[in-house]
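The values are calculated or read from the model by the stated rules, or taken from the named source; none is laboratory data. A quick note: this is a predicted structure, and the numbers were derived from the prediction, not measured. All Cβ positions, even for glycine, are placed from backbone atoms using ideal geometry, and neighbour counts span all protein chains on display. Side chains are part of the model used for accessible areas, which takes the heavy atoms of the whole protein and leaves out ligands, DNA and RNA. Shrake-Rupley method; radii C 1.70, N 1.55, O 1.52, S 1.80 Å.
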Amino acid sequence: MSESLATVLVPGLLTSPRLYAPQLPQLWTFGPVMIADNTRDDSMCAIAKRILADAPARFALVGLSMGGYISFEIMRQAPDRVVKLALLDTTARLDLPAQSERRRAQIALAQSGRFGELPALLLPSLVHRSRQNDTELTGIVRQMMEDVGPQNFVRQQTAIISRVDSRPTLATIRCPTLVLVGDADTLTPPDRATEMADGISGARLVVVPNSGHLSPLEQPEYVAQALVEWMRG
């Protein structure tokens, strides 16, 4: 096997290390794995800086959804430390005004003691329509939301609302890049993945069949294989 390479995994909004549990055994074969904490700051700049302070000197970087937004900021702050980049179910674009308004409404819910209403509100957009009644999958998603909790959720949403547009810096990304998306992802749909893959030189685009926004949990073997091929490439 080639030289060991550490992997840093960045979860998405309201997701915890459980998000990547199915892929950990395969990733550990390439080197140590760190799951980043994206809950302690309310700006992308500060979140990225904290992750970089804890990360190995050089590493492969994986980010899903909000984790992708953070990954773009890490690439701006320390591009020479990222050996490989994987962008899962994310977008380089900013929110539309209506999306930002929805985030603010969700912040208000959390701050008014109604955080418990969010799982029912968000689940339909997080997993494939055929899995809405999959109690094992939806149970993991609900547990991750509890893992994060209302205060951390507010910080995360605040950071997301204030993030910068990453499209202008796509062309500056030079490391081997995987762009992966669920074919039925309605939050960050496949056309957003295509835009990123087209903007990053040499990027590989993978569309995961029968998957919504949380592809590592919905199609774990498929995503694991894509990450293994990316690490080997």
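Brief remarks on what is shown
- Charge dipole magnitude, Cβ of K and R +1, D and E -1 - the chain, Cα centre, debye nearest 20: 460
- The H on the amide N of residue 208, modeled in the peptide plane, is under 5 Å from the matching H of 181, 182, 183, each at least 5 residues off or on a different chain.
- Extension gain (nm, one decimal) between residue 221 and residue 186, 0.36 nm per residue minus Cα-Cα: 10.5 nm
- Counting protein heavy atoms only, the chain has 52 percent of its accessible area on carbon and sulfur, 1.4 angstrom probe.
- The loop-placed trypsin sites (Lys or Arg not before Pro) in the range 56-165, going by DSSP, that have at most 16 neighbouring Cβ atoms within 10 Å of their Cβ come out as 58, 93, 114.
- Efficiency of FRET between residue 229 and residue 45 - r from beta-carbon atoms, R0 22 angstrom, step 0.05: 0.10
- As computed over the range 44-168, the Cα convex hull volume per residue (Å³): 124
- Crossing angle, helix 135-161 versus the chain [Cα axis fit, 0-90 degrees, rounded to tens]: 90
- Close amide H pairs (under 5 Å, H built 1.01 Å from N) link residue 64 with 10, 12, 88, residues at least 5 positions away or on another chain.
- The chain: calculated mean residue ellipticity at 222 nm from DSSP helix runs of at least 4, using -39500 (n - 2.57): -14000 deg cm²/dmol
- Put a plus charge on the Cβ of each Lys and Arg, a minus charge on the Cβ of each Asp and Glu, and nothing anywhere else: the dipole of the range 13-76 about its Cα centre is then about 100 debye.
- The residues of the chain have, on average, 44 Å² of accessible surface per residue, using a 1.4 Å probe with all protein chains present.
- For percent of Cα pairs over 33 Å apart, the value calculated from this model appears in [x] 20; [y] 15; [z] 9 under label [z].
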